[in-house]
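Below is one structure, written out as structure tokens, with a few remarks after it.
The values are calculated or read from the model by the stated rules, or taken from the named source; none is laboratory data. Predicted, not measured: the structure shown is a model, and the values here were computed from it. Note that each Cβ is placed from the backbone with ideal geometry, even for glycine, and that neighbours are counted across all protein chains shown. Remember, those area values only see protein heavy atoms, side chains included, never the ligands or the DNA or RNA. Shrake-Rupley method; radii C 1.70, N 1.55, O 1.52, S 1.80 Å.
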Amino acid sequence: MRIRKGDTVLVISGRDRGRKGKVRLSFPRKEEVVVEGINVVKRHARPIQGARQAGIIQTEAPIYVSKLMLICPRCGKPTRVGFKTLPDKKVRLCRKCGEVID
Ligand SMILES: [Zn+2]
């Protein structure tokens, strides 16, 4: 997947368009990620015996990766992601500055 855990991303579509955040969790099979402070939803949690908090809780819902753009850690611009195959691994590239990201 083009976006990975720990990446800083820009939201390009939806309710949080124009905002940036860091990827906290990634679900590659669903092509979704959870981004800090993005796509925050209210959950109505029922009290369950044990530690869980009851009432209305705000959590980040997963967002589809095509709604995001990677922000290049080198040039700081939102960019599309390219790939390059090295002898031992496949790495990601910034399409703006050409720098290897991983
Ligand atoms: Zn770059």
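Under the √(5λ) rule applied to the eigenvalues of the Cα gyration tensor, what semi-axes describe the equivalent ellipsoid of the chain? Give them in Å, descending.
32, 15, 10
So for the pair Cys75, Gln49, with labels modelled 7 Å out along Cα→Cβ, what separation do we get in nm?
5.9
When the accessible area of the chain is split by element with a 1.4 Å probe, what percent falls to carbon and sulfur?
49
If you rank Leu86, Leu93, Leu25, Leu68 by how much accessible surface each has, with a 1.4 Å probe, what is the order from largest down?
The most accessible residue leads, giving Leu25, Leu86, Leu93, Leu68.
Treating only the Cβ of Lys, Arg, Asp and Glu as charged (+1, +1, -1, -1), what charge dipole size does region 22-102 show about its Cα centre? Round to the nearest 20 debye.
120
Evaluate the distance, in nm, between pseudo-label points positioned 7 Å from the Cα of Arg95 and of Lys5 along their respective Cα→Cβ axes.
Each label point lies 7 Å from its Cα, and together they span 2.7 nm.
For the residue pair Gln58 and Lys22, what label-to-label distance in nm results when each label sits 7 Å from Cα along the Cα-to-beta-carbon direction?
Label-label distance for Gln58 and Lys22, simple model: 1.9 nm.
Using the Karplus equation 6.51 cos²θ - 1.76 cosθ + 1.60 (θ = phi - 60°), what ³J(HN,Hα) coupling, rounded to whole Hz, does each residue of region 83-94 give in order, writing x for Gly and Pro?
10, 9, 9, 8, x, 9, 7, 9, 10, 8, 10, 7
Along region 15-31, what does the Karplus equation 6.51 cos²θ - 1.76 cosθ + 1.60 (θ = phi - 60°) give for ³J(HN,Hα), rounded to whole Hz, x for Gly and Pro?
Computed from phi, the couplings for region 15-31 are 4, 9, 3, x, 9, 10, x, 9, 6, 9, 9, 9, 10, x, 5, 9, 6 Hz.
For Lys5, give me every one of the lysines with a C-alpha distance below 22 angstrom, ignoring sequence neighbours fewer than eight places off in its own chain.
Lys20, Lys22, Lys30, Lys67, Lys77, Lys84, Lys89, Lys90, Lys96
Pick out, from Ser13, Cys94, Gln53, the residue whose Cα sits farthest towards the positive end of the charge dipole of the chain, with +1 on the Cβ of Lys and Arg and -1 on the Cβ of Asp and Glu.
Result: Ser13, furthest along the dipole toward the positive end.
Non-local amide H neighbours of Glu99 (under 5 Å, H modeled in plane, Pro and chain starts lacking H): which ones?
Close amide H contacts, sequence-distant or interchain: Cys94.
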